[in-house]
């Protein structure tokens with residue numbers, strides 16, 4: 001259970017990066033598609049930029065919380081150290097950038113494959129729609145940090161379930177247009 005918490009906490013920048021384009025969908029800036037032909041109309045510059053910024057900010061918060069946990073005392077700070085998979089002070093901020101950028105690039109690459117296979121924009125492709133950002137974030141972040149195999153397996157196993165759950169909640173809240 002502890003390793004699962006560590007994996008989920010470590011991967012928060014990628015999770016938030018993956019959610020950011022949906023959250024910022026109504027923001028009128030950078031709404032131009034990156035390439036309708038290659039990725040479809042739903043992959044916009046706004047989504048790319050918001051994903052990287054939000055994920056990176058989450059990573060910065062993790063770094064700051066980790067720094068404070070080293071001098072703070074009490075349950076929260078001990079718990080925070082306990083669920084930290086890495087010593088955030090030993091890793092470059094590039095790790096947060098790569099987790100975020102990798103997540104959105106994984107999603108964009110999967111959209112490219114879907115266009116080549118003839119999928120319509122927004123059409124479901126299970127389980128790839130749920131794993132694209134995970135694979136992208138893991139691959140790019142491995143330039144800085146290589147998680148152990150069990151952590152990778154946990155992330156690849158639990159992320160699709162989390163992804164589907166969050167998408168269903170967002171659909172019922174009116175944030176997403178489709179359930180998946």
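Here the Gaussian network model covers the chain, with springs between Cα atoms less than 10 Å apart; of 11, 126, 56, 126 fluctuates the most. What's the angle, to the nearest 10 degrees (0 to 90), between helix 128-141's Cα axis and the longest principal axis of the chain? Rounded to the nearest ten degrees, it is 50.
Take the Cα of residue 37, step 7 Å toward its Cβ, do the same at residue 157, and the gap between the two points is 4.4 nm.
Say a paramagnetic label sat at a point 7 Å from the Cα of residue 177, along Cα to Cβ; which residues of the stretch 120-135 have their backbone N under 12 Å from it? Answer for the stretch 120-135: 121-123. Please check: in the Gaussian network model of the chain (C-alpha springs, under 10 Å), which one of 28, 127, 147 has the largest mean-square fluctuation. Looking only at 28, 127, 147, the biggest GNM fluctuation is shown by 28. Between 70, 154, 48, the residue with the greatest mean-square fluctuation in the GNM of the chain (Cα pairs under 10 Å linked by springs) is 70.
Ordering 36, 25 by the number of other Cβ atoms within 10 Å of each residue's own Cβ, fewest first, gives 36, 25. For the chain, a/c is not less than 1.5, where a ≥ b ≥ c are the root eigenvalues of the C-alpha gyration tensor, and a/b tops b/c. That puts it in the prolate class. Cα centroid separation, the stretch 1-78 to the stretch 107-140: 18 Å. Multiplying the residue separation of residue 164 and residue 67 by 0.36 nm and subtracting their alpha-carbon distance yields 31.6 nm. Cβ-to-Cβ counts within 10 Å put 50, 84 in ascending order as 84, 50, the fewest first.
Note on 15, 112: ascending count of other Cβ atoms within 10 Å places them as 112, 15, the fewest first.
The shape of the stretch 112-180 comes out oblate: with a ≥ b ≥ c from the C-alpha gyration tensor, a/c is at least 1.5 while a/b does not beat b/c. Taking the helices alone, the chain has a mean residue ellipticity at 222 nm of -22500 deg cm²/dmol, built from -39,500 (n - 2.57) per DSSP H run of at least 4 residues and averaged over all its residues.
Just so you know, all these numbers are worked out from the coordinates, no wet-lab data involved. Remember, it's a predicted structure, so these values are computed and weren't measured experimentally. Here Cβ is always computed from backbone atoms with ideal geometry, including for glycine, and neighbour counts include all displayed protein chains.
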